[in-house]
Amino acid sequence: MSTDVERGDQIHPGDPVLVDRYTTGARINHWITAASLVLLALSGLALFHPSLYFLTALFGGGETTRAIHPWIGVVLFFSFAGLFIRFFKANLWVRTDTVWLAHGRDVITSHEEKLPEVGKYNAGQKLVFWSMSLLIIVLITSGLVIWDQYFGPYFTVEQKRIAVLVHATMAVVAICVWIVHVYAAIWVRGTISAMTRGQVTGGWAWRHHRKWLKELVTGSPKK
Ligand code: HEM
């Protein structure tokens, strides 16, 4: 953990202690993923139903939206793969995650003193991580089956019909998971700065991720 003093920053009495949570590389990786998911959702919805066709104007018309949507999907896939490699270890399920989940009411009512100490991520964040990982694999696979320009001849009409259904359903689920992720990031005050500035306050870490903070202090953090 590098502190403000080690970085040579000016410390003023009363300023909160800041703790590093994400490197610049991880943050760039995250925001590329976030931007591609938003663009995918908009371009996908534009192609999904005639009432949403007006959204194609954002991408320069129907033809370009259709051409660009799968490529943004490819960007999301590789970008998320980067996040996966960076974060999967810290998202592995541990016994206390099940206890944390069982205390759902205490989580919602912010009675964190009744919860087990949390590492870098809590059980809710881990569920978002693993469901996004699964959803993105299903979305890219079903997306390739219906990407006629390149893969048209390799699949039957029946396979493509099933793939369209799976693709649309999983896309809706992914958008719901994304809404939960963003809601949680805003609801837990002080979390957004982790992904904008790469730092959180010591108070935030002590309150929400005490085990992680202790590991940082003792020099044995899980990445
Ligand atoms: C505009 C939308 C988004 C916002 C505001 C946002 C915000 C955040 C914030 C604040 C964190 C840090 C949480 C913490 O350190 O405790 C975070 C972590 C993360 N975000 Fe996002 N995010 C957005 C979109 C996305 C999307 C679209 C994905 C994936 C498809 C994603 C995947 C992740 C992952 C994997 C982490 C690390 C947490 C973990 O591994 O469990 N985010 N996000």
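Look at the alpha carbon pairs under 8 Å that are at least 6 residues apart: their mean separation over the length of the stretch 10-218 gives a relative contact order of 29 percent. With the chain treated as a Gaussian network of Cα nodes joined by springs under 10 Å, which of VAL118, VAL94, VAL75 yields the largest mean-square fluctuation? Between VAL118, VAL94, VAL75, it is VAL94 that shows the largest mean-square fluctuation. For the chain, the membrane-span-like helices by this rule, meaning whole DSSP H stretches whose C-alpha atoms cover at least 15 Å of axis and whose Kyte-Doolittle mean is 0.0 or above, are 24-48, 62-87, 123-145, 157-187; this says nothing about an actual membrane. A Stokes-Einstein calculation at 10 °C with viscosity 1.306 mPa s, built on the Kirkwood radius of the stretch 10-218 over Cα pairs, returns a diffusion coefficient of 83 µm²/s. A viscosity of 0.692 mPa s and a temperature of 37 °C, combined with the Kirkwood radius over Cα pairs in Stokes-Einstein, give a translational diffusion coefficient for the stretch 83-142 of 260 µm²/s. The charge dipole of the chain, taken about the Cα centre with unit charges on the Cβ atoms of Lys, Arg (+1) and Asp, Glu (-1), comes to about 380 debye, rounded to the nearest 20. Between LEU55, LEU39, LEU76, the Gaussian network model of the chain with springs among Cα atoms under 10 angstrom shows the greatest mean-square fluctuation at LEU55. Placing unit charges on each Cβ (+1 for Lys and Arg, -1 for Asp and Glu) gives the chain a dipole about its Cα centre, and among GLY124, TRP147, ILE186 the Cα reaching farthest toward its positive end belongs to GLY124. Given the options THR65, THR201, THR169, state which has the largest fluctuation in a GNM of the chain using a 10 Å cut-off (strictly under) for Cα springs. With Cα springs under 10 Å in the chain, the top fluctuation among THR65, THR201, THR169 is at THR169. HIS30 contributes an accessible area of around 30 Å² to the protein surface, as traced by a 1.4 Å probe with all chains present. Inter-label distance, TYR183 to TYR150: 3.5 nm, where each label sits 7 Å from its Cα along the C-beta direction.
The values are calculated or read from the model by the stated rules, or taken from the named source; none is laboratory data. Since the model is a prediction, treat every value here as computed from it, not as a measurement. Please note: Cβ atoms are built from the backbone with ideal geometry, for glycine as well, and neighbour counts cover all protein chains shown. All accessible areas refer to the heavy atoms of the entire protein, side chains included, with ligands and DNA or RNA removed. Shrake-Rupley method; radii C 1.70, N 1.55, O 1.52, S 1.80 Å.
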